[in-house]
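One structure is given here, and the rest of the page talks about it.
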Number of protein chains: 2
Amino acid sequence: MSEAEWTDIEKKIARTAFNQAYDREVEALLKQVREQASTLVELSDLWRLHDFLSARRYEFEGKYDYQYSVLLFVFAGLIKEGWIDLNELDGLDKDKLSKVAALARM
Amino acid sequence: MSEAEWTDIEKKIARTAFNQAYDREVEALLKQVREQASTLVELSDLWRLHDFLSARRYEFEGKYDYQYSVLLFVFAGLIKEGWIDLNELDGLDKDKLSKVAALARM
């Protein structure tokens, strides 16, 4: 799906939902790390935190990829993981919405 | 310098000083990470913490190498960085002590 298939209104909706998901996941991650950090007792706890951050960083860098060609897949993933709800994409055309919904169920 | 050149008493002194340095550095690192974690505000702060942990982990794994062949160098480094004081090695023979002192000044 190319950028040309997205209207300006759809782009705005998509960008808002994308940013929302991003902000929520960042917030949750920050909270989780703060909590984990407050319980650090020994060196192995630190390296566990390091491993955790390595994994999340890798995951984050791959996941938040705002390209129209993959955006429906990205949204489906974000819905699956609970960062956005399908209804936050209301306003996209029915075809896009049903594709996202179907992908999110897979 | 081989293990044979260390008396049992010297080994005990060395092991104690080594463990002291290790415990102090771990404690300082844990404190530093707890503090850094309490000020996390955005994702870039997290990745900065991750970079910091990557560097410290690499450094730690190389540094705390308890082998008699390199122990005088290890102690010199630990003194230089302030994790132990030369007088915590009192009881090692004069030759070892002066080597460590000289290396620590380099």
Kindly check whether there is at least one residue in segment B:55-71 that is among the charged types (D, E, K, R), facing chain A (nearest Cβ under 10 Å) and surrounded by fewer than 16 Cβ atoms within 10 Å (Cβ to Cβ).
yes
Might you let me know whether segment B:8-15 holds any residue that is within 14 Å of chain A (Cβ to nearest Cβ), of a type in the set (Val, Ile, Thr) and either surrounded by 15 or more Cβ atoms within 10 Å (Cβ to Cβ) or in contact with a helix residue (DSSP H, G or I) (Cβ under 6 Å, 6 or more places away or on another chain) (or both)?
no
Since A:TRP83 meets every condition but one in (1) assigned to a helix (DSSP H, G or I); (2) under 17 Å from the mean Cα position of the chain (by Cα); (3) surrounded by 12 or more Cβ atoms within 10 Å (Cβ to Cβ), which condition does it not meet?
(1)
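Kindly indicate whether any position in segment A:17-35 is over 16 Å from the mean Cα position of the chain (by Cα) and more than 13 Å from B:LEU43 (Cβ to Cβ).
yes
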Filtering segment A:32-80 down to residues that are assigned to a loop (DSSP other than H, G, I, E, B) and without any contact (Cβ under 8 Å) to a residue 24 or more places away in the chain, which residue is farthest from B:ALA55 (Cα to Cα)?
A:VAL70
Out of all the residues in segment B:77-89, is one or more polar (S, T, N, Q) and away from every other protein chain (no Cβ under 14 Å)?
yes
Output the number of the condition that B:ASP95 fails; it satisfies all remaining conditions of (1) farther than 21 Å from A:THR39 by Cβ; (2) surrounded by 12 or more Cβ atoms within 10 Å (Cβ to Cβ).
(2)
Output the number of the condition that B:ASP85 fails; it satisfies all remaining conditions of (1) touching a residue at least 24 places away in the same chain (Cβ under 8 Å); (2) farther than 29 Å from A:GLN32 by Cβ; (3) not β-branched (Val, Ile, Thr).
(1)
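FYI, it's all coordinate maths here, none of it is from the lab. Just so it is clear, the structure is predicted and the values come from calculations on it, not from any experiment. Neighbour counts are summed over all protein chains in view; Cβ atoms, including those assigned to glycine, are modelled from backbone coordinates with ideal geometry.
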